[in-house]
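What follows is a short report on a single structure.
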Amino acid sequence: MVRPPSSSVISMSGNMPARITARIDQQPHVKLSTGVLQQGTDLFNYITGLDLAQFNRLSGGFRFLSGGPFQHPGDVMVDQFYAHQHNVHAGDTISLLNRPWRVSGIYQPGMLTRVVVPLDTLQDLTANTGKVSMVYVKLDDPSKTDQVVASLRAAFKDYRIYSMEEFTSLYSVSNIPMLQGFLWVVIGLGVVVGFLTILSSMYTAVLERTREIGVLKALGASPGYILNILLREAALLAIAGSLLGILLSYLTRFVIQNLVPASLIQAIVPRWWPIAGAIALAGALLGALGPGLKAARQDAIEALAYD
Amino acid sequence: MTSELAQSQPIISVRGLTKIYHAGEVDVHALRGVDLDVQPGEFVSIVGPSGSGKSTLFHILGGLTHPTSGTIRIAGRDLFGMSDAERTELRKTTVGFVFQKYNLLPTLTARGNIEIARDIAHRNGPLPPQFLDILKLLGIESRLDHKPRALSGGEQQRVAIARAIVNQPAILLADEPTGNLDTENSNAVLALLRDLNHRLGQTILMITHNPEAASYGHRVVRMRDGHIE
């Protein structure tokens, strides 16, 4: 894969002359290359413009579930996930980049893009005539990938050239500047907000039961007995809440997969379950302990008078 | 009151009891030197206008709050010579409370409300068979598995009475037990208290505004301005 000198892993920005493919094709062990143009439509989605004949030779072709390849400049092909999420069928008209497109076909996912339009059309629409943002290169011998990557890097200085394996490996948190730090901040905020929410909820719940605690005191319950009840209840709520949260994460993943399948995938990380459970437990116990201790120690008459 | 009761040692003996509440910079004299003796098995009605100190006396007798001065002996023991733990033990074993607002725990059934009093007194397990007779007497044996919100006011108060006597306390303190009830339920609850007093020999102190309710007791004590008249 060849990308322009100014490109980055997470950005589709930057482009290069489409004629670069002619020079790439002359390199040893290069069987075929084809340029594509990618244009973002929102934060996570983009349209790919490609030369269908060349791309088919390189990839083995699209497998259509309904309809077929585009026939006209205003045609678009979408994958199954996109069609399901947007309730699109072959022959429908959809709006992209502020213009209508006729859906010529719906293809099986796995073609590195969800929405495909003719390369020329996209180049004209985005004022990128004669330019592409990425070139896919097919080799005559895949075992020579490293060797070809090295020779391409030597021939095309400043261009970003990766094997497919290398490119996909770049999509990790450690390879995207500041992403790891950003994630830790988000996780930290989640932990603090979750802890404080549970703590304040438990605090309020126990405070509202001051009168009931007064009743227990009138019945002869010791402060230890009252605290024992409150803390056991808080622990039970925290454990039940954590289990419910885990079940809900499966539910939200199911909903996302079925309602917006062409979007981000929700990961479920079991190694976070005990951590989340510990946060909930600590928040609940600390939240219950403060007002519980106060109510258990206070005069029973004051507790009974609480409204 | 019978002569037999009059000859016993008092189960409650109060001397020179005062209580001052501090409301901001104002001192409120709720009790101004109360003397009172109550014999074992006696049913005493305490009447008086609002602010006369009835409830304060009731709370101090139950060990729920401290007096400013004076002495109280409950079953021969100096109540305020006791530690907090000993007073807690006293509430657990010797004194039962019935409140005007019932004060049942809303998340527990009637049975749960009664059983938690037993649990606090470390008496685990199901209610004893002889107590089931008392539940029949109270007329709540078929309502035990209902939450308080599903019970009428009269039923809730009878559950509260069952909770108060389940650990067989020597003294039952009832603060306006009919204050939230209609006439029919009031009469039923008062008759039950008198019946329990006869059957179990429990000493009962009942605060009331209602002269008719007060007449259910052996003796009526009148309070005004923190004194016993």
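Values in this text are rule-based calculations from the coordinates and carry no lab data. Remember, predicted model here, so these are calculated numbers, not experimental data. We place every Cβ from the backbone using ideal geometry, glycine too, and count neighbours over all the protein chains shown.
Structure data summary
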item: The range A:283-294 - phi-based ³J(HN,Hα) in whole Hz, Karplus 6.51/-1.76/1.60, Gly and Pro as x; result: x, 5, 5, 5, x, 7, 5, x, x, x, 4, 4
item: Cα-based helix-to-principal-axis angle, B:110-120 vs chain B, degrees rounded to 10; result: 60
item: Estimated [θ] at 222 nm from DSSP helical runs (n ≥ 4, -39500 (n - 2.57)) normalised by residues in chain B, nearest 500; result: -10000 deg cm²/dmol
item: Efficiency of FRET between A:Val260 and A:Thr168 - r from beta-carbon atoms, R0 22 angstrom, step 0.05; result: 0.45
item: For chain A, with +1 on Lys and Arg beta carbons and -1 on Asp and Glu, the positive-most of A:Leu139, A:Gly194, A:Trp272 along the dipole; result: A:Leu139
item: Of B:Asp119, B:Asp37, B:Asp27, the one that fluctuates the most in a GNM where chain B has Cα springs shorter than 10 Å; result: B:Asp27
item: Diffusion coefficient, µm² s⁻¹, Stokes-Einstein with Kirkwood Rh over alpha-carbon pairs of the range B:99-147 at 10 °C and 1.306 mPa s; result: 138
item: Within chain A, longest stretch clear of exposed chymotrypsin sites (Phe, Trp or Tyr not before Pro) (DSSP loop, no more than 14 other Cβ within 10 Å); result: A:172-307
item: Rounded tilt (10° steps) of B:129-138 against the dominant C-alpha axis of chain B; result: 80
item: The range B:110-196: trypsin sites (Lys or Arg not before Pro) in DSSP loop, at most 16 other beta carbons within 10 Å; result: B:Arg123
item: C-alpha long axis of helix B:84-93 to longest principal axis of chain B, angle in °; result: 50
item: Label-point gap, in nm, between A:Asp140 and A:Leu207 - each point 7 angstrom along Cα→Cβ; result: 7.9
item: The protein assembly as shown - charge dipole about Cα centre, Lys and Arg +1 at Cβ, Asp and Glu -1, debye rounded to 20; result: 960
item: Whole-angstrom Cα spans of chain A along principal axes, big to small; result: 92, 45, 32
item: Nonlocal amide H pairs with A:Lys131, under 5 Å, H built at 1.01 Å; result: A:Ala18
item: Fraction of antiparallel bridges per DSSP, the protein assembly as shown only, in percent to nearest 5; result: 65
item: Rounded FRET efficiency, nearest 0.05, which uses the C-beta distance separating A:Ser59 from B:Lys147 and R0 of 45 Å; result: 0.10
item: Against the rule of thumb 2.2 N^0.38 Å, how large the Cα Rg of the protein assembly as shown comes out; result: 1.69
item: FRET efficiency, 1/(1 + (r/R0)^6) with R0 41 Å, evaluated for B:Asn187 and B:Arg32 via beta carbons; result: 0.75
item: Karplus-derived 3J(HN,Hα), 6.51/-1.76/1.60, for each residue of the range B:144-156, Hz, glycine and proline x; result: 5, 9, 9, 6, x, 5, 8, 10, 6, x, x, 5, 4
item: Simple spin-label estimate for A:Asn98 and A:Ile275 in nanometres, 7 Å along Cα-Cβ; result: 4.4
item: Within straight-line cross-link reach of B:Lys147, lysines at Cα separation under 30 Å, skipping those fewer than 8 residues along the same chain; result: A:Lys217, A:Lys294, B:Lys92, B:Lys101, B:Lys136
item: The range A:87-180: trypsin sites (Lys or Arg not before Pro) in DSSP loop, at most 15 other beta carbons within 10 Å; result: A:Lys157
item: Chain A: relative contact order as a whole-number percent, Cα under 8 Å and 6+ apart; result: 21
item: Among B:Val159, A:Val260, B:Ile74 - extreme Cα towards positive end, dipole of the protein assembly as shown, charges at beta-carbon; result: A:Val260
item: Per-residue HN-Hα couplings for the range B:195-212 [Karplus 6.51, -1.76, 1.60; θ = phi - 60°; Hz; x = Gly/Pro]; result: 5, 4, 4, 5, 6, 9, x, 6, 7, 10, 10, 10, 8, 7, 8, 8, x, 5
item: In nm, spacing of pseudo-spin labels at B:His122 and A:Leu196 (7 Å Cα→C-beta vector); result: 4.5
item: Rounded to 5, percent antiparallel among DSSP beta bridges of chain B; result: 50
item: Those aspartates and glutamates that a straight Cα-Cα span of less than 20 Å connects to B:Lys54, excepting residues fewer than 8 apart in one chain; result: A:Asp299, A:Glu302, B:Asp27, B:Asp35, B:Asp37, B:Glu42, B:Asp175, B:Glu176, B:Glu212, B:Asp225, B:Glu229
item: Virtual paramagnetic centre 7 Å along Cα→Cβ of B:Ser69, amide N under 16 Å, in the range B:190-229; result: B:227
item: Sequence-distant residues sharing a close amide H with A:Leu65 (under 5 Å, placed H); result: A:Ile106, A:Tyr107, A:Gln108
item: Estimated 222 nm signal from helices in chain A, with DSSP H stretches of n ≥ 4 weighted -39500 (n - 2.57), rounded to 500; result: -15500 deg cm²/dmol
item: Amide hydrogen neighbours beyond the local backbone of A:Ile47, cut-off 5 Å, H modeled; result: A:Gln39, A:Gly40, A:Thr41
item: Cα centre as origin, Lys/Arg/Asp/Glu Cβ charges: chain B dipole, Debye; result: 300
